[in-house]
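One structure below.
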Amino acid sequence: MSELPSGETLLITLRLAGSIPARAGRELQQQRITAQQAARTAATPAEAQAAHRRAEKRFFADFDAVLDSALVGGHYLEKEKIAEAVAGELLMLEEQGLRVPCFALTFNHLHAVLHQPAGHRLALYKAVELLHQRTAQQARRILRGQLPKEADFWHPGCHELSILDAAELARVQAYLLGHAARLKLPARYHAWPYQHCAPLDG
């Protein structure tokens, strides 16, 4: 198995507030809980860990499919000024010592791979919290009243999936960068500059 540099590597998903129908969100979470409970009944710890991992990956795929269907919510991330602000804040994380080997923005959500080198002081979760806050503030300024004061820009929190090895990172990068072609999005998304891919070397 190919190794990643030491530290922690996560695929995170941030989505706009209201981007998943409430009923669909509840159903996804219940399916996830059921799969996790089933994983605990595996015969060995290794089998339980593998089953839990499959459940998390299945949840990510189903979750992403609902986001891609864009049944509800705004499409603020397709506004280039907002997309540029979010992409800029992501790349700023590298100046703080984190690594951003891949990200892709689409109309209502963001996927980003973040790597925290071993011994680095800024925790990934704190970095995501700051990313939430800073990008929401900038988006509100750009939207200039189009978003009601009481409305959130992002849905609180994020979904995360750990990346275990370099081969899995390569698959994730291909998945994220293939988003436009896979969903047959308009031509502007095929030349969309608000995506990024770079090697994660040790």
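The values are calculated or read from the model by the stated rules, or taken from the named source; none is laboratory data. This is a predicted model, so every value here is computed, not measured. Glycine also receives a Cβ, built like all others from the backbone with ideal geometry; neighbour counts cover every protein chain displayed. We work out accessible area using only protein heavy atoms, side chains counted, and drop any ligands, DNA or RNA first. Shrake-Rupley method; radii C 1.70, N 1.55, O 1.52, S 1.80 Å.
Assorted remarks:
- Among residues of the stretch 56-73, those that are more than 17 Å from the chain's Cα centre (by Cα) and at pLDDT 90 or above, counted: 2
- If you go through the stretch 60-103 and keep only what is under 20 Å from residue 170 (Cα atoms) and not small (Gly, Ala, Ser), you end up with 60, 64, 90, 91, 94, 98, 99, 100, 101, 102, 103.
- When residues in the stretch 39-63 are screened for being without any contact (Cβ under 8 Å) to a residue 24 or more places away in the chain and surrounded by 15 or more Cβ atoms within 10 Å (Cβ to Cβ), 5 of them pass.
- The stretch 133-150 - residue that is open to solvent by 30 Å² or more (accessible area, probe 1.4 Å) and in contact (Cβ under 8 Å) with a residue 12 or more places away in the chain and, of those, nearest to residue 11 (Cα to Cα): 134
- Within the stretch 115-126, restricting attention to residues that are in a helix (DSSP H, G or I) and either under 13 Å from residue 9 (Cα atoms) or touching a strand residue (DSSP E or B) at 6+ places or on another chain (Cβ under 9 Å) (or both), the residue that is most open to solvent (accessible area, probe 1.4 Å) is 125.
- Selected residue [of a type in the set (A, V, I, L, M), outside any strand (DSSP E or B) and assigned by the TED database to the domain that holds residue 167] from 90, 11: 90
A quick yes/no check of all residues on (1) under 15 Å from the mean Cα position of the chain (by Cα); (2) outside any strand (DSSP E or B); (3) in the same structural domain as residue 83 (by the TED database):
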position	(1), (2), (3)
103	yes, no, yes
113	yes, no, yes
128	yes, yes, yes
132	yes, yes, yes
137	no, yes, yes
142	no, yes, yes
145	no, yes, yes
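- Number of residues in the stretch 86-114 that are in contact with a strand residue (DSSP E or B) (Cβ under 8 Å, 6 or more places away or on another chain) and of a type in the set (D, E, K, R) equals 2.
- Of all the listed residues (169, 185, 161, 176), the sole one being part of a loop (DSSP other than H, G, I, E, B) and open to solvent by less than 70 Å² (accessible area, probe 1.4 Å) is 185.
- Test: residue 82 is in contact with a Phe, Trp or Tyr (Cβ under 8 Å, 6 or more places away or on another chain) and buried (at least 19 other Cβ atoms within 10 Å of the Cβ): yes
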